[in-house]
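The values are calculated or read from the model by the stated rules, or taken from the named source; none is laboratory data. Bear in mind the structure is a predicted one, so any value in this text is a computation, not a measurement. All Cβ positions, glycine included, derive from the backbone under ideal geometry; neighbour counts span all protein chains shown.
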Amino acid sequence: MNSSLAHSKTFRRSRRNRIKATPYLFLLPFATLFTAFFLLPILYALEQSLFTQHRSGLGLGTPTVRFSGLSNYFDVFRDPVFYQGVGRVVLYGAVQIPTMLGLALLLALLLDTATVRFKNFIRMAAFAPYAVPSVVAALLWGFFYNPRFSPIVQVMQALGLGTPNLLGPDAIVFSLANIAVWQWTGYNTLIIYAGLQAIGPELYEAARVDGCTGIQMARFIKIPLVAPTLILTTIFSIIGTLQLFNEPLVLKQISNSISNVYTPNLYAYYTAFGNNNYNYAAALAVLLAFVTFVFSFGFLRLSNRAGDS
Amino acid sequence: MSVRAARVTAPRRSNRRLKLKPSSVLIAVFLFVLSMYFLAPLYWLVVSSTKTLEDLFGTPGLWVGKTLNFGQNLERLFTYNGGIYLRWLGNTFLYAGVSAVVATGVATLGGYALAKFRFRGRNLAFSLILGAILVPNTALVLPLYLLMSRLGLTDTAWAVLLPSFVSPFGVYLARVYSAASVPDELLDAARVDGSSELRTFLTVVLPVLAPALVTIFMFQFVAVWNNFFLPLVMLSSETNFPVTVGLQTWNVGIPSGAQPVLINLIVTGSFVAVVPLLVGFLLLQRYWAGGLTLGSVKG
């Protein structure tokens with residue numbers, strides 16, 4: 001009796017200890033990989049950004065690297081190429097994000113009503129571009145923009161609407177934005193749609209009893225309830241936007257309107273691998289991350305304030 | 001999912017569909033046009049992959065060419081440059097498959113721990129992981145390249161695989177699903193029965209989380225399959241490239257090398273690169289829908 005009581009006590013204690021250690025053990029594989037391939041690179045980028053390369057007189061031979069504090073950052077702050085790149089992606093995002101999320105919200109709301117038919121087909125059609133690698137998407141749309149192949153130009157010419165230059169300096173931002181709209185609208189639709197599906201049917205019943213129309217239901221019940229989802233998708237879109245890289249890199253081959261330094265990410269890439277200046281590239285990457293945080297959190301603050309009032 | 005769908009659609013359908021309002025015609029037209037927009041480039045890709053080079057230049061983009069050349073296009077794609085495209089395809093399957101399996105396992109363990117255990121540092125860990133989702137790729141990939149080159153791992157599969165084992169988004173998903181679908185009573189019952197935590201996880205928790213596992217796997221598989229920046233930076237030998245990087249090297253080759261044959265190869269190569277994921281999407285449709293609908297896991 002006594003011994004069995006003592007036994008059960010130690011048993012319980014060891015079990016509790018085991019339960020205490022369990023979450024750490026379960027997290028260990030992820031934590032290890034996360035530290036090695038997420039935290040460490042970020043710290044390394046921070047460290048690298050504090051050094052500058054110095055080349056001897058003719059610029060030949062291996063450059064020496066010296067600690068220089070924040071001088072790379074001061075250089076980036078004065079670097080018009082960086083600002084122009086940020087300006088371009090901000091303009092691109094201002095076109096792309098509202099178009100894409102507006103379409104996605106509309107589509108999700110329509111899919112959530114009972115009257116729309118062929119829902120499954122529409123959902124799959126919208127989601128299909130997500131299966132296309134962005135490089136392939138850019139190549140594909142490149143064929144649609146390239147005057148030698150473009151079905152868009154062919155159709156417009158057939159209709160007597162002239163020959164648009166979809167790769168020209170004025171159109172290129174929209175042409176780039178279109179690729180992302182095409183690729184990500186369906187993905188965002190599904191996320192918003194999932195949010196709509198999670199709304200309990202009781203709310204709809206109550207609204208219907210009160211004589212709510214479909215549009216009123218969308219405006220006063222559905223959109224406010226999926227607002228957190230919309231905020232989340234906006235933040236992910238902001239992050240994606242500021243990193244714009246693949247599409248301009250691919251379209252650069254057929255458009256003179258895209259330079260090597262068209263976006264900050266391209267600029268960092270060419271600085272690192274074209275000019276072999278990893279230190280300046282590290283500073284560019286860190287500042288780009290900083291700009292991303294500023295925009296993401298700025299948007300979050302803004303939407304929280306709008307939610308409060 | 002199906003229960004809810006049935007509940008919502010069944011009573012409404014019968015009385016609504018009889019009245020055909022102008023607004024619903026407008027909506028139908030809008031949805032039709034939008035669907036065409038999403039499908040047109042894929043349709044173009046299918047049509048164009050059957051064309052000869054002359055037809056690509058000489059026939060309307062949205063209509064079939066004069067000669068059906070799909071077989072020859074495929075043959076040329078798979079034999080060009082010693083069959084390099086097949087190598088790229090194999091690499092892509094390897095990178096995406098291995099990364100997705102490992103990332104799913106690691107993320108599920110972590111997400112479950114974050115959802116179902118109270119422990120010191122839990123909130124900090126979760127905030128760090130959430131913050132990581134916000135970190136732009138560039139800030140990671142450039143320093144990763146330097147770290148990998150110190151370890152002598154650049155231009156090896158490991159340089160692409162190791163960073164792809166980490167899926168903060170997967171941990172986030174696993175945490176949300178675990179919180180929503182693994183009842184505490186179930187865990188307590190297993191503990192009272194004397195089941196070890198690992199055994200509980202493997203035999204009780206995993207079956208409940210199965211739909212979430214499929215979702216996390218698919219997201220990571222697609223992410224790695226479509227990844228471009230990481231392999232572009234890490235890899236330099238043609239034989240290590242995934243399809244995305246390989247196609248871009250052909251794309252770069254068009255103007256400089258004056259090789260119009262590359263256009264044919266790019267079109268057919270793009271087609272072949274897209275097919276596996278599209279087929280997978282269709283087959284696993286219910287997991288996408290089911291996985292993204294959190295509420296449905298409960299039933």
Inset, instruction - Give me the pairs, please: first residue somewhere in the stretch B:150-175 and within 10 Å of chain A (Cβ to nearest Cβ) and crowded, with 18+ Cβ neighbours inside 10 Å, second residue anywhere and part of a loop (DSSP other than H, G, I, E, B) and among the β-branched types (Val, Ile, Thr), beta-carbon distance under 9 Å, and either six or more positions apart or on two chains. - result: B:Pro168/B:Val135
Inset, instruction - Could you figure out which of (1) buried (at least 16 other Cβ atoms within 10 Å of the Cβ); (2) not in a helix (DSSP H, G or I) isn't true of B:Ile129? - result: (2)
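Of the residues A:Ala198, A:Ala207, A:Ala194, A:Ala126, only one is closer than 27 Å to A:Ser303 by Cβ, away from chain B (no Cβ under 13 Å) and of a type outside the set (Lys, Arg); which?
A:Ala207
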Legend entry - Within the stretch A:112-149, tally of residues that are over 25 Å from the mean Cα position of the chain (by Cα) and assigned to a helix (DSSP H, G or I): 3
Legend entry - Filter result for the condition that a residue is surrounded by fewer than 21 Cβ atoms within 10 Å (Cβ to Cβ) and part of a helix (DSSP H, G or I), over B:Leu247, B:Leu209, B:Leu202, B:Leu230: B:Leu202
Legend entry - Among the candidates A:Gln183, A:Gln154, residue that is closer than 22 Å to B:Val33 by Cβ, among the polar types (S, T, N, Q) and more than 7 Å from every other protein chain (Cβ to nearest Cβ): A:Gln183
Inset, instruction - Test each condition in (1) surrounded by 15 or more Cβ atoms within 10 Å (Cβ to Cβ); (2) at the interface with chain B (Cβ under 8 Å from one of its Cβ atoms) for A:Arg148 and report the one that comes out false. - result: (1)
Inset, instruction - Please enumerate the residues belonging to the stretch B:149-191 that are in a helix (DSSP H, G or I), small (Gly, Ala, Ser) and closer than 22 Å to B:Phe221 by Cα. - result: B:Ala157, B:Ala159, B:Ser164, B:Gly170, B:Ala174, B:Ser178
Legend entry - A:Leu111 vs. criteria buried (at least 17 other Cβ atoms within 10 Å of the Cβ) and either within 13 Å of chain B (Cβ to nearest Cβ) or without any contact (Cβ under 8 Å) to a residue 12 or more places away in the chain (or both): yes
Inset, instruction - Just give me the residues in the stretch A:67-89 being in a helix (DSSP H, G or I), without any contact (Cβ under 8 Å) to a residue 24 or more places away in the chain and not polar (S, T, N, Q), in sequence order. - result: A:Phe74, A:Phe77, A:Pro80, A:Tyr83, A:Gly87
Inset, instruction - Please state which one of A:Thr234, A:Thr263 is farther than 27 Å from A:Arg78 by Cα and either at pLDDT 90 or above or not assigned by TED's automatic domain parsing to the domain that holds A:Leu103 (or both). - result: A:Thr234
Inset, instruction - Tell me, yes or no, whether the stretch B:25-38 has at least one residue that is assigned to a helix (DSSP H, G or I), hydrophobic (A, V, I, L, M, F, W, C) and at pLDDT below 80. - result: no
